[in-house]
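Take a look at the structure set out below.
The values are calculated or read from the model by the stated rules, or taken from the named source; none is laboratory data. Model, not experiment: these values are computed from the prediction. FYI the Cβ positions are ideal-geometry reconstructions off the backbone, even for glycines, and counts take in every protein chain you see.
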Amino acid sequence: MLIRDEAGLRLLRQAQEEALRARRHPPTEDFHTRKLSEVWARAAKSQAFRDIGAFSWDSFERLPLTPKDRLKQDPWSFAVGELAEAAKYYETTGTSGRVTPTPRHLEDIVWNTVSVAEAWRSVLSAEDRVAILLPSDIVPVADLIVGVCEYLGLPHTRMYPFATGISDWDRLSGLWSTLRPTTVFAAPGVLMQLTRLLAQRGTLPGLSACVDRLMLLGEVSTPALRTRLGTWWDATAYDVSYGSTETGTLAATCPAGSLHLLTHAHYFELTDGERVTPLPADGTGRLVVTPLNLHARPLLRLDTGDEVEVSSDRCDCATPGSTVVVRGRSGDGLRVRGVGLAIHDVEEIVYGLTTATGYLVEIDEAGTRARILLERAPGSDRADETAAVEAVRRASRDRLGLAWDGIAFLNALPSTTKSGGSQKSWKRTNVRVVESAR
């Protein structure tokens, strides 16, 4: 138990009161001024920010952005205090290169858990039973879900099927029959692989009957993919959260399925690569974030490298504040013969027009040739594949301006396209560079 004394309980209540207020009213400028001044003071104790001086809005806006590469190259210069003061220690998965050490104090964990739990309270039910198909080792994602379940009082279990020797696919199926989970937290790739396995065994209808919600996180999940998974499981699939190990959770889902930026927990800005502006009513660009509740490693104006679209249109759930659509990392795009490809564009075609349970883009080093391999769904009729290939070919030409050098169905794709968890990187797992893509 992390909360073991009155100080911890006061911290929990403070985080809860702040999150509940934000659910009713968007944070004011005075709120952000106070919170930014506090995190500024904590950051000034680190080597990276030791010369920033006193806080003011002018000094904040003059402060250069913190590139993610700088954080990765010298992570300990951003840390405050000794490692022994941390309550938990994590590392990033290294999808964009090297791993980043990430100690977390009690404050980091409590603020993030409560913020997310209060956001998800409107989606989850008090009668839920939760299956967590996410990794527990080194990365924090499963710990976050466990913390939320404990906070909300929901029975739950971890059953990550890639934990060799502990929880394989057979053990998962047996446990599933006993727990009969109503809510499943998983990365899209992991859930897709589970779907294939259960369909092959003929057990998908029986094991999916108890499931009401699929809570997808750890990867970018596109609307077409969520629709596909929701159809297979006869459940509602949510893009449940967005964030990173370095920052904590930046946005959380609502009953209407939108991602709402947690503006009481972070101060957000957008950059087009030249100018940086406070979070606009509507706009697109790379997201810049200053987490307001980090203590072990305070960060100021971190350039996440994530391309996002922000909207102020009132969500059907009536939660105040902006919603966000994550388009992917700025470095995850591909170019084939001058045509840009992004995860949303590719997956809207693959999962919108075919029954494929996965795909792999093969591209040559020069970006002059590319083909797409589609994973055949169990029990699918191969006679339908010619029409599916033509639909992908036509949609790629009309929507993307790209003519694939080849489109083919395969029985199975490499496991690297499936074992996502929180370590999924589109370019590392759904793209393969080959000498010649034919």
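Okay, here's what the table says:
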| quantity | calculated |
| --- | --- |
| Only one of 174, 165 that is surrounded by fewer than 17 Cβ atoms within 10 Å (Cβ to Cβ), over 18 Å from the mean Cα position of the chain (by Cα), outside any helix (DSSP H, G or I) and not assigned by TED's automatic domain parsing to the domain that holds residue 100 | 165 |
| Residue within the range 101-110 that is crowded, with 18+ Cβ neighbours inside 10 Å and among the basic types (Lys, Arg) present | yes |
| Residue selected from the range 51-90 under the condition of a type in the set (D, E, K, R), touching a residue at least 12 places away in the same chain (Cβ under 8 Å) and not in a helix (DSSP H, G or I), by the criterion nearest to residue 147 (Cα to Cα) | 88 |
| Qualifying strands (runs of 3 or more DSSP E) (wholly inside the range 187-306; at least 3 residues being of a type outside the set (Lys, Arg) and closer than 28 Å to residue 63 by Cα) | 241-244, 248-253, 266-271, 276-278, 283-291 |
| Criterion: buried (at least 19 other Cβ atoms within 10 Å of the Cβ), under 29 Å from residue 305 (Cα atoms) and touching a residue at least 40 places away in the same chain (Cβ under 8 Å) - qualifying residue of 217, 194 | 217 |
| Hits in the range 136-152 (condition: farther than 19 Å from residue 123 by Cβ and part of a helix (DSSP H, G or I)) | 143 |
| Residue list for the range 369-398, restricted to those being among the hydroxyl-bearing types (Ser, Thr, Tyr) and modelled with pLDDT of 90 or more | 386, 396 |
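Residue by residue, here is whether (1) touching a Ser or Thr at 6+ places or on another chain (Cβ under 8 Å); (2) at pLDDT 95 or above; (3) in the same structural domain as residue 251 (by TED's automatic domain parsing); (4) part of a helix (DSSP H, G or I) holds:
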position: 17; (1), (2), (3), (4): no, yes, yes, yes
position: 20; (1), (2), (3), (4): no, no, yes, yes
position: 23; (1), (2), (3), (4): yes, no, yes, yes
position: 26; (1), (2), (3), (4): yes, no, yes, no
position: 30; (1), (2), (3), (4): no, yes, yes, yes
position: 37; (1), (2), (3), (4): no, yes, yes, yes
position: 41; (1), (2), (3), (4): no, yes, yes, yes
position: 49; (1), (2), (3), (4): no, yes, yes, no
